[in-house]
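This report concerns only the one structure given below.
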Amino acid sequence: MSKAGGAAGSAPGPTAAAAAAAAQKQKSLLQKADADVSSLVDNFSSLINIARVNDPPVRNSQEAFQMEMRAARMVHSADSLLKLVSELKRTAIFSGLASLNENVDRRIEVLGQQAEGTERMLERIGQEAAASLKELEAHYYSSVVRSPSYD
């Protein structure tokens, strides 16, 4: 019985390969998020630097092109971040359900083994109790004094 409990306690998590793959994926997603956020901030800063409030409304074509380019890069970075969030949600839902199902199956197996062990133990205790009771009855009925005498 302690063997089943020990086995369940020794391997509750994913395998080493799955853990390494999950760590690698987490690292790449964090790097992508950092890159997208820094790109968004850099492009916004550049866009603010290009846009001058006190200048006359006439801009040359180079400044207008730079502003459009920076705005397009910001949109691209924001879109990339939205896709990343969507991927994270999808991964959390599907991997969460898969790991939940695995954990439930493992727990069912462990509890089934414990139930079998408990049933065997109760059967053995019942047999030992029956044998002890028979032995005590035999000893009682074979004894000289079965009941106290009242004289």
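The values are calculated or read from the model by the stated rules, or taken from the named source; none is laboratory data. Note that the structure is predicted; figures quoted are calculated from it, not measured. Ideal geometry is used to build each Cβ from the backbone, glycine not excepted, and the neighbour counts take in all protein chains shown. Surface areas here come from the heavy atoms of the whole protein model, side chains and all, with no ligands, DNA or RNA. Shrake-Rupley method; radii C 1.70, N 1.55, O 1.52, S 1.80 Å.
Cβ separations smaller than 9 Å between residues 6+ apart or across chains give the following pairs from segment 72-93 residues that are closer than 16 Å to GLN31 by Cα to residues that are hydroxyl-bearing (Ser, Thr, Tyr) and assigned to a helix (DSSP H, G or I): SER77/SER38; SER77/SER39; SER80/SER39. Of all residues in segment 95-146, those satisfying the criterion of being under 30 Å from GLN26 (Cβ atoms), of a type in the set (A, V, I, L, M) and open to solvent by 90 Å² or more (accessible area, probe 1.4 Å) are LEU97, LEU100, ILE108. Every condition in (1) farther than 23 Å from ASN43 by Cβ; (2) of a type outside the set (Lys, Arg); (3) open to solvent by less than 60 Å² (accessible area, probe 1.4 Å) is met by SER86 except one, and the failing one is (1). Whether a residue is modelled with pLDDT under 85 and open to solvent by 100 Å² or more (accessible area, probe 1.4 Å) was assessed, and LYS25 does not pass this test. Of all the criteria given as (1) surrounded by 10 or more Cβ atoms within 10 Å (Cβ to Cβ); (2) charged (D, E, K, R); (3) modelled with pLDDT under 85, the one not satisfied by ASP151 is (1).
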